[in-house]
Amino acid sequence: MMGKVYIVGAGPGDPELITVKGLKILQKADVVVYDRLVSKELLNNCKDGAELVYVGKELGQASLQEEINKLLVNKAKEGKIVVRLKGGDPYVFGRGEEECKYVIENGLECEVVPGISSATGVPIYAGIPVTTRWASSGFTVITGTRADDKLIDEDYIPKKGTIVILMGLHIISELKQILLKKRGPEEPVAIIENGTLPSQRVVTGRLKDIDLLVKENDIKSPAVIVVGEVVKYRDILWKYA
């Protein structure tokens, strides 16, 4: 009898931000395949005897994805309930769609459970709304890490609204130059390290100085970058985030 694969979003870091449905599925899993950014505290909810498999990828280890895909299928073919636990939301730069496609193509059932994306959850914990009637009627989420190792195309950078950048810290100098083609040098920016966790740090400044802000404050990954007028409202809202 074949098992089933669940691809579950664990949320942006705080273990309490997983959905109720995601938590219930995690508690019944026979195998949990989890990422680098998944809270270890969250894994305490796994049932006794569950097999925990760490598959966290560092920058430059994208080739491991094929091994992860095969692992999910092999475990499910043993008749097990398999949870692929991913940070954030599986379909927001999480490659969950690639894993789900592979599982289905191998004749197995796959269910995806959404999670709170770091693109929205992390700014909220930093007191920054990604949209507001006061300043921004929309937001764009981009990634600094692409499959072909190329930089983000400037066509993805909007002239207005909020920009949220995931996985962009390692190319911050190049990213600044791309952003400056569409946005002004005085545009407010925030860099949020370890968002939603007790170790969260937030540094704010101007776009023209974003690379210096990262260097001078020794910001480390994971970090989410927010560009836009919404950053100014942190001064009002952070106390209640």
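See the values below:
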read-out	value
Reach of Lys24 by Cα under 16 Å, taken over aspartates and glutamates that are not fewer than 8 positions away in the same chain	Glu16, Glu41, Asp48, Glu111
³J(HN,Hα) computed for each position of segment 25-34 - Karplus, 6.51 cos²θ - 1.76 cosθ + 1.60, integer Hz, glycine/proline x	5, 4, 5, 9, 5, 7, 9, 10, 9, 10
Loop-located chymotrypsin sites (Phe, Trp or Tyr not before Pro) in segment 107-198 whose Cβ has at most 12 other Cβ within 10 Å (DSSP)	Trp134
Selection of trypsin sites (Lys or Arg not before Pro), segment 172-241, meeting DSSP coil and at most 13 other Cβ within 10 Å	Lys181, Lys220
Out-of-range pairs (alpha-carbon distance over 31 Å; input Lys70/Lys159; Lys182/Lys232; Lys159/Lys215)	Lys70/Lys159
Set of aspartates and glutamates with alpha-carbon distance to Lys181 below 19 Å, sequence-local pairs under 8 removed	Asp153, Glu154, Asp155, Asp209, Asp211, Glu229
Options Ala223, Gly127, Val8, ranked by Cα towards positive dipole end of the chain, top entry (Cβ charges)	Gly127
C-alpha long axis of helix 96-105 to longest principal axis of the chain, angle in °	30
DSSP beta bridge pairing in the chain, given as percent antiparallel to the nearest 5	40
Neighbour-limited loop hits for trypsin sites (Lys or Arg not before Pro), segment 1-75 (at most 13 other Cβ within 10 Å; DSSP other than H, G, I, E, B)	Arg36, Lys47
Eligible lysines near Lys21 by straight Cα distance, threshold 16 Å, same-chain separation 8 or greater	Lys4, Lys47, Lys86
Cα-based radius of gyration of the chain once divided by 2.2 N^0.38 Å, which approximates compact folds	1.06
Whole-Å distance, taken between Cα centres, linking segment 8-25 and segment 177-241	26
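None of the figures in this text is laboratory data; all of them are computed from the coordinates on show. Quick caveat, the model's predicted, so the values are computed rather than measured. Here the Cβ is made from the backbone with ideal geometry for all residues, glycine too, and neighbour counts use every protein chain on show.
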